[in-house]
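The values are calculated or read from the model by the stated rules, or taken from the named source; none is laboratory data. Keep in mind that this is a model prediction, so the values were computed, not measured. Cβ placement follows ideal geometry from the backbone for every residue including glycine, while neighbour counts extend to all protein chains displayed.
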Amino acid sequence: MGQWCCDDHEPVIIDRGKGVHLYDAVGNCYIDGNASIWTNIHGHCHPVIDAAIREQLERIAHCSFLGTTNEPAILLAEKLVDLFPPATLSRVFLSDDGSTAVECALKMAIQYFQLVGEPKRRELIAFDGAYHGDTMGASSLGKIPAFHQRFEDFGMPVCHLEASAQLQDVDGTQVVAVVVEPLVQGAAGIRLWPQGMLRELRQWCDENGALLIFDEVMTGFGRTGKMFACEHEDVMPDLMALAKGLTGGYLPLAATLCTTRIYDAFLGGSERTFYYGHSYSGNPLGCAAALANLSVFEDEHTLEQLPPKVEHLTKALESLVEGNPHLSEVRQCGLVAGIDLSGGDGTLGARCCAAARKHGLLTRAIGDTVVFMPPLVITLQQIDEALSALGQGIAETVSKA
Ligand SMILES: *Cc1c(COP(=O)(O)O)cnc(C)c1O
């Protein structure tokens, strides 16, 4: 708050957007280098998504999802299930944000074991560096000091591991679920997991009768080069949390997907009811945006267009780092990149991002790691422009220090 309120701070007031570009209230134009906090997919003001929301608005903006449903929600659930192999994730529970998608997965997993007569399972497993949202349950799963340390003693008990190998020391008979951000931990600073980890987790959960939860809130919808990160290792979870890119980055909407096995346990009288609902669950405008998002994936062949962009980003990052003593490492997963600044004090990243803003790139850092996660619609030339702005921002910041 002190920084925000201080006299020499000029807030950037975003006025409008078009494609990968954001325009502020005084007319500056920026490349949206973090896809508006990891949400945007096809660019801002996309005509198809805009039209879908307008059309839905003519019918109704919102009505309760408790005991009633709406057409876009029905169609969306069908479309989401179709994105996965048959007989895997086949049921959809809608809510409104990434955190709530995770809360919901947690509560479903806990209630599931109560319903199937295994109430002794009470342990939740997550990982160091994890980020699963800021509500209390989701934040108990997280382990990043800045976000979580303060609340550690107030939330749910969670066992945090550094790596999947440590599962060998866990008593699997007590475990409800293992929760992971597949392939890459976002908020930890774009930290990549070793290859094959998802398969190991799947195997351990199967051997021990525990559920596997993938938090694809950030990695979903093409971010890692495939529609979902888990496709890279051909591993399916029992529950999956989706949000951020679900509506193309337009509106808050989330989905928790689960298997028929979990769904079936909840079938029955009110003693089996999953008492979980947010006022805006299944919001029709959000569902209409999400349907349009998926239709743009098909019409614009978004996934098919990704490989050359990913490859180009790899090369552009290499040339950014090459011979640059101020950068220590870059990590990339699809169109997600983390760029580590050397010799930082935890604020160098933010200062470099502020300097890059003057050159037309708007993004955020996590400590001394600059995150680059543009909308998937970005072009090769815009990737170059963005990284050139970042390079200049870094050079100016470091020379001042
Ligand atoms: C952003 C994020 C969340 C939380 O989503 P919100 O919509 O901000 O509540 C959860 N998990 C991951 C991996 C995220 O990146």
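Could you grab me the full set of residues in the stretch 140-157 that are within 21 Å of the chain's Cα centre (by Cα) and part of a loop (DSSP other than H, G, I, E, B)?
Taking the stretch 140-157 and keeping what is within 21 Å of the chain's Cα centre (by Cα), we get 140-148.
Of everything in the stretch 140-157, those that are within 21 Å of the chain's Cα centre (by Cα) and part of a loop (DSSP other than H, G, I, E, B) turn out to be GLY142, LYS143, ILE144.
Limited to the stretch 260-272, what total is found for residues that are of a type in the set (S, T, N, Q) and either modelled with pLDDT under 95 or surrounded by 20 or more Cβ atoms within 10 Å (Cβ to Cβ) (or both)?
Looking only at the stretch 260-272, we keep the residues that are of a type in the set (S, T, N, Q), and these are 260, 270.
Keeping just the survivors that are either modelled with pLDDT under 95 or surrounded by 20 or more Cβ atoms within 10 Å (Cβ to Cβ) (or both) gives 270.
Total meeting the criteria: 1.
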I need a count of the residues in the stretch 227-273 that are within 12 Å of the ligand (Cβ to nearest atom) and either part of a helix (DSSP H, G or I) or more than 25 Å from GLY286 (Cα to Cα) (or both). 5
Are there any pairs with C-beta distances below 6 angstrom linking a residue in the stretch 345-367 that is over 20 Å from ASN28 (Cβ atoms) to a residue that is assigned to a helix (DSSP H, G or I), with the two at least 6 apart or on different chains, and if so which? GLY367/GLY349
Return only the number of the condition from (1) touching a Gly at 6+ places or on another chain (Cβ under 9 Å); (2) without any contact (Cβ under 8 Å) to a residue 12 or more places away in the chain; (3) among the hydroxyl-bearing types (Ser, Thr, Tyr) that SER270 does not satisfy. (1)
Filter the stretch 158-185 for residues that are in contact (Cβ under 8 Å) with a residue 60 or more places away in the chain and in a strand (DSSP E or B); the one that is farthest from the ligand (Cβ to nearest atom) is VAL176
Looking only at residues that are within 21 Å of the chain's Cα centre (by Cα) and among the small types (Gly, Ala, Ser) in the stretch 351-401, which one is surrounded by the fewest Cβ atoms within 10 Å (Cβ to Cβ)? GLY367
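Quick one: which residue in ALA188, ALA126, ALA138 is within 16 Å of the ligand (Cβ to nearest atom), among the small types (Gly, Ala, Ser), surrounded by 16 or more Cβ atoms within 10 Å (Cβ to Cβ) and under 20 Å from VAL235 (Cβ atoms)?
Details: ALA188 fails: under 20 Å from VAL235 (Cβ atoms); ALA138 fails: under 20 Å from VAL235 (Cβ atoms).
Step by step, each of ALA188, ALA126, ALA138 is checked, and only ALA126 is within 16 Å of the ligand (Cβ to nearest atom), among the small types (Gly, Ala, Ser), surrounded by 16 or more Cβ atoms within 10 Å (Cβ to Cβ) and under 20 Å from VAL235 (Cβ atoms).
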Cβ pairs under 6 Å, 6+ apart or interchain, first in the stretch 195-210 and in the same structural domain as LEU106 (by TED's automatic domain parsing), second surrounded by 19 or more Cβ atoms within 10 Å (Cβ to Cβ) and of a type in the set (Ser, Thr, Tyr), ordered by first then second residue, are MET197/SER164; GLU200/SER164; LEU201/SER164
If we ask which residues in the stretch 227-254 are touching a Leu at 6+ places or on another chain (Cβ under 9 Å), surrounded by fewer than 24 Cβ atoms within 10 Å (Cβ to Cβ) and under 18 Å from VAL310 (Cβ atoms), their number turns out to be 4
Residues that are touching a residue at least 40 places away in the same chain (Cβ under 8 Å) and either of a type in the set (Phe, Trp, Tyr) or within 30 Å of ILE190 (Cα to Cα) (or both), drawn from the stretch 45-64: HIS46, ILE49
Is it the case that GLY133 is crowded, with 21+ Cβ neighbours inside 10 Å, within 12 Å of the ligand (Cβ to nearest atom) and either acidic (Asp, Glu) or farther than 24 Å from THR173 by Cβ (or both)? yes
Read through the list (1) over 19 Å from the mean Cα position of the chain (by Cα); (2) within 16 Å of the ligand (Cβ to nearest atom), then give the number of the only condition that GLU78 fails. (2)
Enumeration of residues in the stretch 86-115 that are more than 16 Å from the ligand (Cβ to nearest atom) and among the hydroxyl-bearing types (Ser, Thr, Tyr): THR88, SER90, TYR112
